[in-house]
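This report concerns only the one structure given below.
The values are calculated or read from the model by the stated rules, or taken from the named source; none is laboratory data. The structure presented is a predicted model; accordingly, all values stated were derived computationally and were not measured. Please note: Cβ atoms are built from the backbone with ideal geometry, for glycine as well, and neighbour counts cover all protein chains shown.
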Amino acid sequence: MAETTQVLCRNPDCDYAKTQKCIDGLDSSAHPQVSADSKPAAFDSDAANDELIAAHTSSIESLWTGECLDCSEASKILRRDESRVLAVIGPTKSGKTSLICSVFELLQIQVRDDFQFAGSLTLFAFERACHNSRGESLRHEPVMEHTRHNPLPFGVSFYHLKVAQREEHPVSLLFADRTGEDYKAACDDPSVCSDFVEVKRADSITILVDGQSVLNSAERHNVRSTTELIVQGLKDGGVLSGKQALLVVLTKQDMIEAENEENKEKAYAFFESLVQNIQRLYSELFENIQDFKIAASPQNSLLPYGHGVFNLMSQWYGSAPKAPPIVLPAVTSKRAMGRIQ
């Protein structure tokens, strides 16, 4: 087979290699060619060129938009970094977005020895969610954006926050963001839990109890039944691994603290009884069950901004299941020198 080379002309616009015609009307003798049966090189083929472009572009990493991550993007983080997947569950207006955003805000405005901000791939999403609660929004009262129905596959997206504890290696926290209606639907139909991929993969599950509803004696029964039925729905839906931590969190503690002593005692007593009942019914489903009280975005000055959030953060950060220690069998040396301790 003749050697394949590209036929060139002194005129840069000449395409003699493809057309076998010179743009200046010269014959083949005027072109530096090796042989008459020379063929165009492979990269002159449109199909081959498309393959080269496709191979090149496939190796280019797409840029992060700053928006919440979908499941495939979150999976990239899990493969790349030491990570924690955090499922924050609660009915609508129980304080999910306020809690997630308060972690981001606290890392920006406070300098703490235990946790430090180390980056985020969803800064735009965080800033948009926090905007209406800041003075820059020029609102008379702070407002927190609520989670809307998510059109992404599985109906969930993820906020990403990388934090470092003291001198340790940074850890990526992936906060699952799903509308409260989806979680409440699990009370009536556990089959919907099959789409709760964030719960299946979660290192810890945080279930929120609305402190404002706890104050209302007429709503307490609904709070108890909804909370317990959500846990039961997750169990029946088969998304619990038995190795996850369950964190039961009383939100809006500032509103409880603003009440008189009698109402405060009733609210705290109700929450304590709720936690005890969950521990009694579902302790075998979780690695451990703990309770917390927070005021992520207080509406009064009785408690500071983000009260109790970093206590919760410590549990999130250390929530990854620990691998069992590897115990090597004892080896007795046959030589006397090898047995010297």
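Within the stretch 233-279, the set of residues being of a type in the set (Asp, Glu) and closer than 15 Å to residue 213 by Cβ comprises 254, 259.
Tell me yes or no: at least one residue of the stretch 254-269 is of a type in the set (Ser, Thr, Tyr), in contact with a Leu (Cβ under 7 Å, 6 or more places away or on another chain) and at negative phi. No, every residue in the stretch 254-269 fails to be of a type in the set (Ser, Thr, Tyr), in contact with a Leu (Cβ under 7 Å, 6 or more places away or on another chain) and at negative phi.
Filtered by the rule that a residue be at pLDDT below 90 and not basic (Lys, Arg), the stretch 83-99 gives 90, 91, 92, 94, 95, 97, 98.
Against the conditions (1) surrounded by fewer than 19 Cβ atoms within 10 Å (Cβ to Cβ); (2) part of a helix (DSSP H, G or I); (3) at pLDDT 85 or above, residue 154 satisfies every one except (3). Every condition in (1) at pLDDT below 95; (2) crowded, with 20+ Cβ neighbours inside 10 Å; (3) not polar (S, T, N, Q) holds for residue 285 except the one numbered (2).
The set of residues in the stretch 164-176 being touching a helix residue (DSSP H, G or I) at 6+ places or on another chain (Cβ under 7 Å) and either farther than 19 Å from residue 107 by Cα or in a strand (DSSP E or B) (or both) consists of 171, 172, 173, 174, 175, 176. For the stretch 174-193, a tally of residues being more than 16 Å from residue 89 (Cβ to Cβ) and aliphatic (A, V, I, L, M) returns 0.
Taking the listed residues 302, 281, the one that is part of a helix (DSSP H, G or I), more than 28 Å from residue 164 (Cβ to Cβ) and assigned by TED's automatic domain parsing to the domain that holds residue 165 is 281, with no other qualifying.
Set side by side, the residues 208, 246, 173, 240 differ, and just one is in contact (Cβ under 8 Å) with a residue 60 or more places away in the chain and closer than 19 Å to residue 277 by Cβ, which is 208.
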